[in-house]
Amino acid sequence: MINKKHQLGFFPTPLHKLSNLSKKYPDYSIYIKRDDQTGLASGGNKTRKLEYLIQQALDNKCDAVVTAGAQQSNHCRQTAAACAQVGLECHIIVKGCEPEVYQGNLLLSQLLGAKIHFTNDYAKEIDFEAYISHFDKGKKVYIVPIGGSNITGALGYVDAVGELKQQLREQNIQLDYVFIASSSGGTQAGIMLGMQLHDLDFELIPIKIDKDNGEQCTLAQDVLSIVKEGQKIVQLDKKFTLADIPINRNYNQKDYGIMTDNEISAINELALTEGILLDPVYTGRAFYGMLDCLKNNKLKPNSNVLFWHTGGLPALFDYANGLCKK
Ligand SMILES: *Cc1c(COP(=O)(O)O)cnc(C)c1O
């Protein structure tokens, strides 16, 4: 890889079999890739992206980083931790109003020293420059896009595919399917580029997390534009078009962040069979999609299926009301 990265996490993350779940669905061997265990202030997929993004902020001699997200943004929490580790000032623009009690990721971001700015408006697009103009004028600010999803961040997942390939070889596994939660698209774009670059083949099933907004699917566009930019860096000739961007839109009927019985049942099932925790926003939704495919024979029998766990644990605490069964 041409770009440098700054180590923030512990890699490789474990790849292991879900033996109990595989017994429950005997037509399949089910595996999990533990990017919930990247180690950066409780981990998650943003750690891999931030290794490249933070390096770029350091290379550009920036003093501060600004990023944005939802109140329970795992991305903002990991960005705050990364900034604390390398000594950069961290600003987080959070959608909506300041809550009475900080919980889950928001609490952790604050503990990690981020300066938190509330937009007081959920719908409005975030204008980074407008916020930066209020920061200390002498500071050079590095903007990390929402979800860390640009080509720089996606390089983390190009590498992750190389890491996965090595583990599959060591454990003698040939994957047929990989499920992943897809929201701002950088993870998916990185994996797609990585599959090409590292010559690793499987059917990628990205479960779209955000609700569809009309007929057009901006996620596919976003993924495609990152992939196209990435092709130049990793020197791939394949011509990608929208038709090459897989997206499963069967499980995003409810808005982003709305936990339904689907997510609750998925969280319960993995917790009770394997003792592994999912999150209510991303991995709960994506894992539900995978379980639905397993239960309803939507995958070919005797196949090897991987769930790529992307983290999100702290958000559970903000959903205690919906999750707590007394
Ligand atoms: C951000 C996030 C995702 C989605 O990754 P994108 O690169 O934004 O598509 C999935 N799972 C968790 C837990 C996340 O925090």
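The values are calculated or read from the model by the stated rules, or taken from the named source; none is laboratory data. Treat the numbers as computed from the prediction; the structure is a model and nothing was measured. Because the Cβ atoms are built from the backbone with ideal geometry, glycine has one as well, and the counts that use them run over all protein chains shown.
Overview of values
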read-out: Residue match in the range 19-30 (condition: more than 12 Å from residue 109 (Cα to Cα), of a type in the set (Ser, Thr, Tyr) and in a strand (DSSP E or B)); value: yes
read-out: Members of the range 13-22 that are buried (at least 17 other Cβ atoms within 10 Å of the Cβ) and in contact with a helix residue (DSSP H, G or I) (Cβ under 6 Å, 6 or more places away or on another chain); value: 13, 15, 18, 21
read-out: Test: residue in the range 60-78 that is surrounded by fewer than 18 Cβ atoms within 10 Å (Cβ to Cβ), away from the ligand (no atom under 13 Å from the Cβ) and either in the same structural domain as residue 300 (by TED's automatic domain parsing) or closer than 13 Å to residue 314 by Cα (or both); value: no
read-out: Candidates 175, 168 - the one that is touching a helix residue (DSSP H, G or I) at 6+ places or on another chain (Cβ under 7 Å) and not assigned by TED's automatic domain parsing to the domain that holds residue 54; value: 175
read-out: Members of the range 123-160 that are aliphatic (A, V, I, L, M), away from the ligand (no atom under 14 Å from the Cβ) and surrounded by 11 or more Cβ atoms within 10 Å (Cβ to Cβ); value: 126, 132, 141, 143
read-out: Residue among 51, 98, 89 that is out of contact with any strand residue (DSSP E or B) (no Cβ under 8 Å at 6 or more places or on another chain) and acidic (Asp, Glu); value: 51
read-out: The lone exception for residue 39 - which of (1) assigned by TED's automatic domain parsing to the domain that holds residue 182; (2) over 28 Å from residue 319 (Cα atoms) it fails; value: (2)
read-out: Flag for residue 222 being under 24 Å from residue 76 (Cα atoms), of a type in the set (Asp, Glu), in a helix (DSSP H, G or I) and modelled with pLDDT of 95 or more; value: yes
read-out: Residue that is surrounded by the most Cβ atoms within 10 Å (Cβ to Cβ), among those in the range 268-326 that are within 11 Å of the ligand (Cβ to nearest atom) and in a strand (DSSP E or B); value: 309
read-out: Residue among 167, 196, 231, 221 that alone is more than 13 Å from the ligand (Cβ to nearest atom) and under 18 Å from the mean Cα position of the chain (by Cα); value: 221
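A quick yes/no check of all residues on (1) in the same structural domain as residue 69 (by TED's automatic domain parsing); (2) in contact with a helix residue (DSSP H, G or I) (Cβ under 8 Å, 6 or more places away or on another chain); (3) closer than 22 Å to residue 161 by Cα:
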| position | (1), (2), (3) |
| --- | --- |
| 213 | no, no, no |
| 217 | no, no, no |
| 238 | no, yes, yes |
| 243 | no, no, yes |
| 248 | no, yes, yes |
| 252 | no, yes, no |
| 263 | no, yes, no |
| 275 | no, no, no |
| 279 | no, yes, no |
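Rundown of residues vs (1) among the aromatic types (Phe, Trp, Tyr); (2) modelled with pLDDT under 95; (3) closer than 30 Å to residue 235 by Cβ, yes/no style:
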{"residue": "13", "(1), (2), (3)": "no, no, yes"}
{"residue": "20", "(1), (2), (3)": "no, no, no"}
{"residue": "28", "(1), (2), (3)": "yes, no, no"}
{"residue": "40", "(1), (2), (3)": "no, no, yes"}
